[in-house]
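So the structure is just underneath, and the comments pick up after that.
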Amino acid sequence: MVKGISRQVIVVKSPDPRLFEQAVFFLRDSPALSGVTAEQIIDEACRVANGYVRRKTGCRRLRRIPPLGFFLAGAFVSSLAWFFAAVFPAVL
């Protein structure tokens, strides 16, 4: 419950609704905002929201690999380590 406080907010719809529906930005009551236009504020809010989505969805290539692929890659690397340990025992 909020009593006696009026705040200005910007609501930005998500470009990727899998992560979130919307982002809410609370504007500061600051004299620094006096020279800033409404369009600049909205552009900044959209830039921040899009940056968050890009950071959270950046590794899409790894998500496409099924767990069996990771298992087989690990088994292959482990087999190579055992092979080199058997062929070159003095090195390891």
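The values are calculated or read from the model by the stated rules, or taken from the named source; none is laboratory data. Here the structure is a predicted model, which means the values were calculated and not measured. Here the Cβ is made from the backbone with ideal geometry for all residues, glycine too, and neighbour counts use every protein chain on show.
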Fill in the blank from the handout: Residue pairs within 8 Å by beta carbon, gap of at least six or interchain, first lying in the stretch 52-80 and among the aromatic types (Phe, Trp, Tyr), second modelled with pLDDT of 75 or more and not in a helix (DSSP H, G or I), listed first then second, are Tyr52/Ala23
Exercise for the section: Pick out the one residue from Arg54, Arg47 that is at pLDDT 80 or above, part of a helix (DSSP H, G or I) and either within 22 Å of the chain's Cα centre (by Cα) or not aliphatic (A, V, I, L, M) (or both). Expected result: Arg47
Exercise for the section: Just one of (1) modelled with pLDDT of 80 or more; (2) closer than 30 Å to Phe25 by Cα trips up Pro66, so point out which. Expected result: (2)
Exercise for the section: Pairs only if they're at least six apart or on different chains, beta carbon under 8 angstrom, first in the stretch 15-28 and of a type outside the set (A, V, I, L, M) and surrounded by 13 or more Cβ atoms within 10 Å (Cβ to Cβ), second in a loop (DSSP other than H, G, I, E, B) and at pLDDT 70 or above; list them, first residue then second. Expected result: Phe20/Ser14
